[in-house]
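J.: Mind having a look at this structure? Questions to follow.
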């Protein structure tokens with residue numbers, strides 16, 4: 001292997017100055033600290049520990065930890081190289097695709113169109129096969145001294161990074177669009193408070209896009225070691241932002257839960273005590289929350305989001321605090 005490849009950490013420990021080594025170690029420590037905070041938040045928030053959202057959050061968080069620790073041990077030659085490469089790939093799967101599954105798992109809360117969810121799931125599966133698997137083969141190959149894999153890996157590493165960044169941006173954009181369209185009546189009723197919710201959603205997702213852009217910059221400027229060091233930090237921050245997005249969504253749902261098709265999923269995830277149900281004046285259908293339901297397939301009666309003003313106000317008084 002070339003000296004340049006060895007220095008960037010693609011085929012083994014990095015050869016950097018003490019200052020850079022301290023920065024690398026500090027970033028890994030920050031990623032691990034963020035993971036600890038996320039895990040505490042997860043287990044404090046979810047009383048019923050089940051469902052796709054809960055498990056995707058747990059797996060994505062643990063993937064960050066596995067990826068960070070195995071990369072740290074490999075970069076500083078504290079463990080055998082190839083076994084750490086295998087662990088890095090496993091952690092990478094959980095960290096990157098797990099992040100997209102987190103976004104997918106809450107998409108049904110803001111859209112009534114099942115085709116969107118199916119399309120997003122298909123995109124995640126396709127990208128896993130098209131981006132994760134070839135990159136893994138090439139990465140493990142160059143660490144088994146297969147010289148012919150070096151050039152293809154350098155190219156495909158950039159392709160997969162751009163591909164996953166585009167995937168997360170598409171899902172985030174779809175989430176913002178559906179929130180602004182499906183929840184428009186509630187946002188209008190809330191006035192400035194509703195506007196702040198939308199602004200919060202946009203800012204959170206914009207920060208996620210900026211983090212992806214930073215990762216792309218480090219990769220396309222031939223800083224593989226910096227990119228792989230910063231990646232766990234970026235993904236841990238994005239997972240933290242997921243909780244902010246969920247809290248913003250809760251503000252809207254608490255105002256009027258009838259615009260959400262699958263409200264029982266959110267109540268089950270966060271163990272919210274709902275005090276409304278049955279029929280209300282102006283309602284076209286009754287909706288009773290079953291606290292035992294956790295799967296997206298267990299959907300209750302779908303209620304049309306089209307309401308009269310008196311119906312919105314009536315529901316606003318019937319919804320108890322979360």
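Where a number appears in this text, it was derived from the coordinates with a stated rule and is not lab data. Here the structure is a predicted model, which is why all the values come from computation and not from measurement. Cβ: placed from backbone, ideal geometry, glycine included. Neighbour counts: every protein chain shown.
J.: When 71, 181 are ordered from fewest to most other Cβ atoms inside 10 Å of their Cβ, what list results?
T.: 181, 71
J.: I would also like to ask the following. Using r as the Cβ-Cβ distance of residue 155 and residue 47, and R0 as 56 Å, what FRET efficiency do you calculate, to the nearest 0.05?
T.: Taking R0 as 56 Å, the efficiency between residue 155 and residue 47 is 0.75.
J.: Here's something else I'd like to know. Under a point spin-label approximation (7 Å from Cα along Cα-to-Cβ), what is the residue 206-residue 17 distance to one decimal in nm?
T.: My value for the distance between the label points is 3.6 nm.
J.: Using the 10 angstrom Cβ neighbour count as an exposure proxy, how do 102, 40, 198 rank, fewest first?
T.: 40, 198, 102
J.: Compute the label zone of residue 181 within region 94-127: residues whose backbone N is under 14 Å from the point 7 Å along Cα-to-Cβ.
T.: 110-117
J.: What do you get when you divide the Cα radius of gyration of region 204-249 by 2.2 N^0.38 Å, with N the number of residues?
T.: Rounded to two decimals, the normalised Rg is 1.27.
J.: Now a separate question. Over the Cα atoms of region 1-123, what is the Rg over Rh ratio if Rh follows Kirkwood?
T.: Here Rg/Rh amounts to 1.09.
J.: Next question. Over all directions, average the projected area of the Cα convex hull of region 73-113 and note it in nm².
T.: Reported value for the Cα convex hull: 3.5 nm².
J.: I would also like to ask the following. Within a 10 angstrom radius of the beta carbon, how do 117, 248, 56 rank from fewest other beta carbons to most?
T.: Ordered from fewest to most neighbouring Cβ atoms within 10 Å, 117, 248, 56 come out as 117, 248, 56.
J.: Please state the Cα pair-distance histogram of region 167-220 with 10 angstrom bins from zero: what percent is in each bin?
T.: For region 167-220, the pair-distance distribution reads 24, 42, 23, 10, 2.
J.: If I model a spin label as a point 7 Å beyond the Cα along the Cα-Cβ vector, how far apart are those points for residue 79 and residue 36 in nm?
T.: Distance between the two pseudo-spin positions: 1.9 nm.
J.: Output the Kirkwood hydrodynamic radius of region 18-258, Cα pairs only, in Å rounded to one decimal.
T.: Kirkwood radius, region 18-258: 18.9 Å.
J.: Using only the Cα atoms of region 67-191, each taken as one equal point scatterer with no solvent, compute I(q) by the Debye sum, divide by I(0), and report log10 of the ratio at q = 0.09, 0.12 Å⁻¹.
T.: -0.37, -0.57
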